[in-house]
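Enquirer: Quick one: structure below, then a few questions.
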Amino acid sequence: MNHPDTASYAPHRPSAGRRNALKMAGGLGVTLAGGACSVGGTLSAPMAGSSTAGAAVQTLVSAPASVRLVPDSRGPTPVWSYGGTVPGTRLDVRQGAAIAIDFRNELPDPSTIHWHGIRLPNAMDGVPYLTQPPVDPGGRFRYAFAPPDAGTYWYHPHLGTPEQVGRGLYGALIVHEADPPAVDRDLLWLIDDWRLDGNAAIVEDFYNWSDVAFDGRIGNTVTVNGMEHHAEPVRRGERIRLRLVNTANARMVSLAFGEHPVWLMALDGHPLPRPQRVTSDQDVFLGPGQRADLIIDMTGPAGESFAVMDRLYRHRAYPVATLEYGQAGALRPTTVLAARGAPAPLVPNELPEPALADARRVRIVMDGGMMRGPHVPWTTRAARRLRRLAGERIADPAWSLNGRAHLGHGPDHPFEFVADQGETVHIAFENRSTKWHPMHLHGHAFRELTRNGRPVPMQPWHDTTMVAPGETLEVAFVADNPGDWLIHCHILEHHAGGMGTQFRVAA
Ligand code: C2O
Ligand code: CU
């Protein structure tokens, strides 16, 4: 087994500068205009009535592969992938249309596929033991559903997740709206973080205690679309849509686009009611699992290359990718682009509006980490460490939700709450730990309502939301999708270390 050269890491240390960056990005610099924006409003029950019969079946094979992640002389890197590439096979479907995926598992380990952010029937959610049995090596499973919401989504395994995602298993699922925005091109960046050794091989120290109990598996190599130092060819005068997905196990990114006019159009697939201008002193912040759709005007000069920086830690900013302006003349004069101004909002998805007055109220207290984790005797930890060295892949309990570290899921595991179908659920996430946590809800999208009691600008829809240390975040959603669902931290090592629970929506 390889051991990481810790000196080569870019370890993340919380700093005042970082907190500020996150606050600014989280607040989006928007002032709240009056009441909640209403979109949809009718309970469309998109999951129940949708027929998936007749969809063309796509085969998706998960298997070991070898890919080039770094542009230098190291590598290639042995990975696990969907379809032989990293990112895995890109899936595209029209909003409301059926998609059927014949999943074949050719990994040495059992696996499943979870369709992150998609509101789909419970049996298609890909959570082992809770919604389906694991798909054993050599086995297959047919996933079929009709995504009710347009937007940028992704898929990944939900079994042995820290390792399987850490080895490269993920792909994009793009759900196309009937009325796409007026842009010249539609681009997709899947941002990932890898822990590679001197030969560009993956360091196989999954589930180690310091990752589980601190910041998760932060790596040393950031890729966009499976390549470090990704170069994106662009042309002066273009207006592009850029879909961003953070597929990293644990790394948060805070992307800066310099003087380019940038608008935030959608978060986690769901359009903002008004495009949000991201100014040059602001960043686009993405925690693990989160997505953002941007519209960017390419206003740089021909022949220039421009670095898109991750400046989560301002004193440790590094380029995530470069925009490479070709030598070609401008597609149109940038004055014409500037005169267009802000793009029109994307067409909203039809989501049921929470009825807060008679909501079921749930409090989820998040705690743990190295300093405050549930007490585990050192003998137990030593024994686990030995078993891990012997090949067992399981994390120690380090994190808790409402006082319980959840090391597994299943119908026999206690449910955090049971909601009636159609009931509004109001959740207060209370983060008593010293770390940020991207909290993810399966099967539904929720509105962000308040942070520490202050209304969140535009109250955006999310399926994954960052909760800051010490923060209380209130969200609400209509529990309209019957079945058993997870709520968990999307820092995959935190989830493995206990930070995930389940709830039931009664049929
Ligand atoms: Cu993207 Cu439960 O996960
Ligand atoms: Cu977490």
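The values are calculated or read from the model by the stated rules, or taken from the named source; none is laboratory data. Just so it is clear, the structure is predicted and the values come from calculations on it, not from any experiment. Quick reminder, even Gly has a Cβ in these numbers, built from the backbone with ideal geometry, and neighbours come from all protein chains shown. Surface accessibility is based on the protein's heavy atoms, side chains included, excluding ligands, DNA and RNA. Shrake-Rupley method; radii C 1.70, N 1.55, O 1.52, S 1.80 Å.
Enquirer: Can you say whether ALA200 is open to solvent by less than 10 Å² (accessible area, probe 1.4 Å) and away from ligand 1 (no atom under 16 Å from the Cβ), as far as the supplied structure shows?
Expert: So ALA200 fits the description; yes.
Enquirer: Report, ordered by the first and then the second residue, all pairs with beta carbons closer than 6 Å, sequence separation of six or more or different chains, a first member in segment 78-93 that is at positive phi, and a second member that is β-branched (Val, Ile, Thr).
Expert: Note: pairs meeting the criteria are GLY83/THR89.
Enquirer: Another question about this same structure. Name every residue in segment 423-458 that is at positive phi and open to solvent by 30 Å² or more (accessible area, probe 1.4 Å), in order of residue number.
Expert: ASN452, GLY453
Enquirer: On the given criteria, is GLY497 on the phi > 0 side of the Ramachandran plot and open to solvent by less than 30 Å² (accessible area, probe 1.4 Å)?
Expert: no
Enquirer: Right, next: Taking the stated definitions as given, is ILE364 surrounded by 13 or more Cβ atoms within 10 Å (Cβ to Cβ), within 20 Å of THR161 (Cα to Cα) and β-branched (Val, Ile, Thr)?
Expert: Spelling it out, it is not the case that ILE364 is surrounded by 13 or more Cβ atoms within 10 Å (Cβ to Cβ), within 20 Å of THR161 (Cα to Cα) and β-branched (Val, Ile, Thr).
Enquirer: Among the numbered conditions (1) over 27 Å from VAL175 (Cα atoms); (2) touching a residue at least 40 places away in the same chain (Cβ under 8 Å), tell me where ALA344 comes up short.
Expert: (1)
Enquirer: Related question: Residue pairs, Cβ under 9 Å, 6 or more apart or interchain, first in segment 386-405 and more than 18 Å from VAL203 (Cβ to Cβ) and at pLDDT 85 or above, second within 16 Å of ligand 1 (Cβ to nearest atom) and β-branched (Val, Ile, Thr). List them.
Expert: Every condition considered, the pairs that remain are LEU401/ILE364; LEU401/ILE487; LEU401/THR501; ASN402/ILE364; ASN402/THR501; ARG404/THR501.
Enquirer: Just one of ALA428, ALA419, ALA496 is within 13 Å of ligand 1 (Cβ to nearest atom) and farther than 21 Å from TYR153 by Cβ; which is it?
Expert: Just a single option satisfies the conditions, and that option is ALA496.
Enquirer: Here are some residues: VAL165, VAL135. Which one is within 16 Å of ligand 2 (Cβ to nearest atom), within 15 Å of PRO110 (Cα to Cα) and either β-branched (Val, Ile, Thr) or free of Cβ contacts under 8 Å to residues at least 24 places away in the same chain (or both)?
Expert: Going through VAL165, VAL135 in turn, just one is within 16 Å of ligand 2 (Cβ to nearest atom), within 15 Å of PRO110 (Cα to Cα) and either β-branched (Val, Ile, Thr) or free of Cβ contacts under 8 Å to residues at least 24 places away in the same chain (or both): VAL165.
To keep it simple, each residue is scored yes or no on (1) of a type in the set (D, E, K, R); (2) open to solvent by less than 70 Å² (accessible area, probe 1.4 Å); (3) within 30 Å of PRO273 (Cα to Cα).
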{"position": "ASP297", "(1), (2), (3)": "yes, yes, yes"}
{"position": "GLY303", "(1), (2), (3)": "no, yes, no"}
{"position": "ALA317", "(1), (2), (3)": "no, yes, no"}
{"position": "TYR325", "(1), (2), (3)": "no, yes, no"}
{"position": "ALA342", "(1), (2), (3)": "no, yes, yes"}
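Enquirer: Let me ask something additional. Would you mention how many residues in segment 54-69 are out of contact with any Pro (no Cβ under 9 Å at 6 or more places or on another chain), hydrophobic (A, V, I, L, M, F, W, C) and not in a strand (DSSP E or B)?
Expert: Total meeting the criteria: 2.
Enquirer: Another question about this same structure. Please verify whether ASP463 is among the charged types (D, E, K, R), within 23 Å of GLY151 (Cβ to Cβ) and within 13 Å of ligand 1 (Cβ to nearest atom), treating the condition exactly as stated.
Expert: Against the criterion (among the charged types (D, E, K, R), within 23 Å of GLY151 (Cβ to Cβ) and within 13 Å of ligand 1 (Cβ to nearest atom)), ASP463 qualifies.
Enquirer: Given segment 453-507, what strands (runs of 3 or more DSSP E) lie entirely inside it while holding 2 or more residues that are of a type outside the set (Gly, Ala, Ser) and away from ligand 2 (no atom under 16 Å from the Cβ)?
Expert: 472-479, 483-489, 500-506
Enquirer: Go through (1) touching a Lys or Arg at 6+ places or on another chain (Cβ under 6 Å); (2) of a type in the set (A, V, I, L, M); (3) at pLDDT below 50 for VAL39 and report which single condition fails.
Expert: Among (1) touching a Lys or Arg at 6+ places or on another chain (Cβ under 6 Å); (2) of a type in the set (A, V, I, L, M); (3) at pLDDT below 50, the lone unmet condition for VAL39 is (1).
Enquirer: Would you check if LEU169 is open to solvent by less than 10 Å² (accessible area, probe 1.4 Å), touching a strand residue (DSSP E or B) at 6+ places or on another chain (Cβ under 9 Å), assigned to a loop (DSSP other than H, G, I, E, B) and not small (Gly, Ala, Ser)?
Expert: Answer is yes for this residue.
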